[in-house]
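Structure, as structure tokens:
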Amino acid sequence: AQKVTQAQTEISVVEKEDVTLDCVYETRDTTYYLFWYKQPPSGELVFLIRRNSFDEQNEISGRYSWNFQKSTSSFNFTITASQVVDSAVYFCALSEGSSNTGKLIFGQGTTLQVKP
Amino acid sequence: DTGVSQDPRHKITKRGQNVTFRCDPISEHNRLYWYRQTLGQGPEFLTYFQNEAQLEKSRLLSDRFSAERPKGSFSTLEIQRTEQGDSAMYLCASSLDTLYGYTFGSGTRLTVV
């Protein structure tokens, strides 16, 4: 069965600290897609990144970076030099390639609080 | 491209009443999804449309829930005889392709009192 686990419920850091949000997934599919979304207090889910199961290259986008390791079924997200505006709930999600619908399985989310 | 719009943003209803939510997807997106998010949890898939066809429904979608997407444009989600357990954020999303992340709306927060 497919599952996404975000073990960290809440993380609190001081501005300019680096922070890593963990994501572990379970799937029987060999083709799948992993996502990260940000949910600010306004409630709208904002797409951050998509990664397919055949691409294990790490990705960097500004202060954001993602580490995908199939050997440990993990897709961790690091924010470098965190800012107050990064405060939000972050969700990791999985979409299985065998599913034609593209539905997402979300983790429970990690609430990140960045203090000034 | 004005994004995905949901209406209303907030709805308070008494237990036993019926409620209907509307979602207007991005115009060229043929795929539309409904998710439900309860406090402290990640969104859970409810149902999926490709154009006007409802192709998948979660077992979370009880008989009291019905969704439509007439003409493959906007969609409505109706909950009949609401219960307190229906209190949640109802999120709509649309996409053009399964390979890319959806665009989510801001959601409708339902409170059943």
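The values are calculated or read from the model by the stated rules, or taken from the named source; none is laboratory data. Remember, predicted model here, so these are calculated numbers, not experimental data. Positions of Cβ are backbone-derived with ideal geometry, glycine not excepted, and every protein chain shown enters the neighbour counts. Each accessible area value is taken on the protein alone, full model and side chains, heavy atoms only, with ligands, DNA and RNA left out. Shrake-Rupley method; radii C 1.70, N 1.55, O 1.52, S 1.80 Å.
For chain A, just run the numbers: alpha carbon Rg, then divide by 2.2 N^0.38 Å, N being how many residues it has.
On the way: Rg = 13.9 Å, N = 116, 2.2 N^0.38 = 13.4 Å.
Rounded to two decimals, the normalised Rg is 1.04.
Could you name the aspartates and glutamates in cross-link range of B:Lys57, using Cα to Cα under 18 Å and dropping any fewer than eight places away on the same chain?
Here the aspartates and glutamates satisfying the reach criterion relative to B:Lys57 are A:Glu96, B:Glu44, B:Glu68, B:Glu78, B:Asp86.
Straight-line reach from A:Lys70: which lysines have a Cα under 19 Å away, not including same-chain ones fewer than 8 places off?
A:Lys3
Let me understand the protein assembly as shown better: what is its radius of gyration from the alpha carbons, and its Dmax, in angstrom?
For the protein assembly as shown, the Cα-based Rg and Dmax read 17.7, 52 Å.
Please give every one of the lysines within straight-line cross-link reach of A:Lys16, meaning a C-alpha to C-alpha distance under 24 Å, and leave out same-chain neighbours fewer than 8 residues apart.
Cross-link targets: A:Lys38, A:Lys115.
Along each principal axis of its Cα atoms, how long is segment B:1-43 end to end? Whole angstroms, biggest number first, please.
On the principal axes, segment B:1-43 reaches 37, 23, 15 Å in Cα extent.
Do any residues of segment A:63-93 show a loss of at least 10 square angstrom of accessible area between the isolated chain and the full protein assembly, using a 1.4 Å probe, and if so which?
In segment A:63-93, residues shielded by partner chains: A:Phe91.
Pull out the extension gain between A:Ala1 and A:Phe54, defined as 0.36 nm times the separation in residues minus the alpha carbon to alpha carbon distance; nm, one decimal.
17.1 nm
Looking at chain B, send over the antiparallel percent of its DSSP beta bridges, to the nearest 5.
Within chain B, antiparallel bridges account for around 90 percent of the total.
How big is D, in µm² s⁻¹, for chain B by Stokes-Einstein at 20 °C and 1.002 mPa s if Rh is the Kirkwood radius over C-alpha pairs?
Estimated diffusion coefficient is 154 µm²/s.
At 1.4 Å probe size, with the rest of the protein present, what percent of the exposed accessible area of segment B:1-67 is carbon and sulfur atoms?
On segment B:1-67, the fraction of accessible area on carbon and sulfur atoms equals 41 percent.
Only bridges with both residues in chain A count here: give the DSSP antiparallel percent, nearest 5.
90 percent
Please compute the per residue accessible area over the protein assembly as shown with all protein chains in place, 1.4 Å probe, rounded to a whole number of Å².
Details: 11400 Å² over 229 residues.
Accessible area per residue: 50 Å².
Show me the ranking of peptides B:48-55, B:66-73 by mean Cβ neighbours inside 10 Å, starting with the highest.
B:48-55, B:66-73
Are there any residues in segment A:19-46 with a reduction of at least 50 Å² in accessible surface when going from the isolated chain to the assembly of protein chains? Probe 1.4 Å, please list them by number.
Output list: A:Glu44, A:Leu45.
Kindly state, to the nearest 0.05, the FRET efficiency for B:Gln80 paired with A:Gln8, given R0 = 35 Å and r defined as their beta-carbon distance.
After rounding to 0.05, the efficiency reads 0.35.
Would you mind telling me the share, in percent, of accessible area of chain A contributed by carbon and sulfur at probe 1.4 angstrom? Kindly include the intermediate steps, with their values, before the conclusion.
Values: 2650 of 5660 Å².
Using a 1.4 Å probe with all protein chains present, chain A comes out at 47 percent carbon and sulfur.
From largest accessible area down, sort A:Arg50, B:Arg15; use a 1.4 Å probe on the protein chains.
Order by accessible area, largest first: B:Arg15, A:Arg50.
Determine the order of A:Thr72, B:Thr38 by accessible area, beginning with the largest, at a probe radius of 1.4 Å.
A:Thr72, B:Thr38
With a Förster radius of 45 Å, plug the Cβ-Cβ distance of B:Arg59 and A:Lys16 into 1/(1 + (r/R0)^6) and report the FRET value to the nearest 0.05.
0.50
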